[in-house]
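Just below is one structure, and these are the notes that go with it.
The values are calculated or read from the model by the stated rules, or taken from the named source; none is laboratory data. Bear in mind that the values here come from a model prediction, so they are computed numbers and not experimental data. A quick note on method: Cβ atoms are made from the backbone with ideal geometry, for glycine too, and the neighbour counts reach across all protein chains shown.
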Amino acid sequence: MAEVLVVTSGKGGVGKTTSTAALGAALAQTGQSVCVVDFDVGLRNLDLVMGAERRVVYDLINVVQGDANLNQALIRDKRIDSLSLLPASQTRDKDALTAEGVERVIGELKNRFDWIICDSPAGIERGAYFAMRHADLAVIVTNPEVSSVRDSDRIIGLLDSKTEKAERGEVMEKLLLLTRYSPERAERGDMLKVEDVLEILSISLLGIIPESPEVLKASNLGSPVTLANPISAPSRAYLDAARRLRGETVPMTVPTERKGFLGNLFGRRAA
Amino acid sequence: MSVLKFFTRRSSAPAARERLQLLLAHERAVFGRTDLVAVLQDEILAVIAKHVAIDPDKVRVKMDRQDTFATLEVDIEIRSPSAGGLKMAG
């Protein structure tokens, strides 16, 4: 049975697209078939982060409006066979998304993949609404920072009222993915701690992604971080999160970079 | 002075936590459901319509938010008895 997952946050720039690419690749790395869908119509970026920007011919809007079929629009990842991308349109307006069209496309994707991961645009308007509309579960990407936490709270309210699942009277499962986390700064008292954010939002925790230069390096190269450098700290955090999504019990840790021999000698900083 | 500052330096995360808790408690109550006003309007109307004939188009529900409190204003025009009048309760 296919699972439809929405990656959302309300606030922009917190790591939705990075996390969609990383979780999608991580799930595919465990052997699942995965389709990542970009709902950010007009401002697409998932193609770029995945390194598929030059392979886009047809997009979500073309399929929604019946101008192309899924086979024409889906882009299969060159590194992992079981990972595909359905890009957003760069030229069209988000008003081109229709309720019936989105429902049909999600239905077709569910017949083909184990996981459909919908990358939501920022904000709470049409694109975000359609990205969450058919979700079975939601990953809320949040930075340990006041404006991000506030916007996540708002999105949680919408997930509990505006989705198909909520309208059927069912409870939407909501999981926190805390990104750009710095254990040192949280320990010093200069950053909200994991427990603070969990308590304020009162949802369960999917994973903690440490702040890391590896994330930027991976996007520079057009690769999900879990493929660009699988042993880096953020990659291990995403890979753990993907295993949790599959129902495995994985101890919750904040991975740190493994330093080599020289790193151990010279790389230690006084905390 | 800088040494004194160093020792009296207070961490900022507790302030963030406190501000968020206060703000969100308020926002959840007022805006927690984006369709709260519509829901209130329907439910208030249903209760009143049980006893009094009202025109659904002549109802105004307005929510206003102040710094420390929010107000809910409900304005309902009730038809004169000759135009329908009081219905039997039940």
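Brief remarks follow.
- Test: residue in the range A:119-135 that is within 23 Å of A:Arg246 (Cα to Cα) and free of Cβ contacts under 8 Å to residues at least 60 places away in the same chain: yes
- Counted residues, the range A:1-27 - those being charged (D, E, K, R) and either over 21 Å from A:Asn229 (Cβ atoms) or free of Cβ contacts under 8 Å to residues at least 60 places away in the same chain (or both): 2
Per-residue answers, yes or no, for (1) more than 14 Å from every other protein chain (Cβ to nearest Cβ); (2) at pLDDT below 85; (3) assigned to a helix (DSSP H, G or I):
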site	(1), (2), (3)
B:Phe7	yes, yes, yes
B:Glu18	no, no, yes
B:Leu23	no, no, yes
B:Arg28	no, yes, yes
B:Asp57	yes, yes, no
B:Asp67	yes, yes, no
B:Gly90	yes, yes, no
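- The residues on offer are A:Leu216, A:Leu158, and the sole one that is more than 15 Å from the chain's Cα centre (by Cα), under 30 Å from A:Arg92 (Cα atoms) and at pLDDT below 95 is A:Leu158.
- Hey, A:Ser204 closer than 17 Å to A:Arg243 by Cα and among the hydroxyl-bearing types (Ser, Thr, Tyr) or not: yes
- Within the range A:49-62, residues that are aliphatic (A, V, I, L, M) reach partners that are assigned to a loop (DSSP other than H, G, I, E, B) with beta carbons closer than 6 Å, at six or more positions or on different chains, in the pairs A:Val56/A:Pro87; A:Leu60/A:Ala88; A:Ile61/A:Ser89; A:Ile61/A:Arg92.
- Residue count for the range A:1-33 satisfying the condition of being more than 15 Å from A:Ala135 (Cβ to Cβ) and of a type in the set (A, V, I, L, M): 7.
- In the range A:181-213, of all residues being in contact with an Asp or Glu (Cβ under 9 Å, 6 or more places away or on another chain) and of a type in the set (Gly, Ala, Ser), the one that is surrounded by the most Cβ atoms within 10 Å (Cβ to Cβ) corresponds to A:Gly207.
- The range A:160-251 holds helices (runs of 4 or more DSSP H) entirely within its bounds, and those carrying 3 or more residues that are over 18 Å from A:Thr8 (Cβ atoms) and touching a strand residue (DSSP E or B) at 6+ places or on another chain (Cβ under 6 Å) map to A:233-245.
- Residues being under 23 Å from B:Arg28 (Cα atoms), touching a residue at least 60 places away in the same chain (Cβ under 8 Å) and touching a Ser or Thr at 6+ places or on another chain (Cβ under 6 Å) are entirely absent from the range A:105-117.
- Every condition in (1) within 20 Å of A:Gly123 (Cα to Cα); (2) free of Cβ contacts under 8 Å to residues at least 12 places away in the same chain holds for A:Arg168 except the one numbered (1).
- Residue that is farthest from the other protein chains (Cβ to nearest Cβ), among those in the range A:120-159 that are in a strand (DSSP E or B) and crowded, with 22+ Cβ neighbours inside 10 Å: A:Val139
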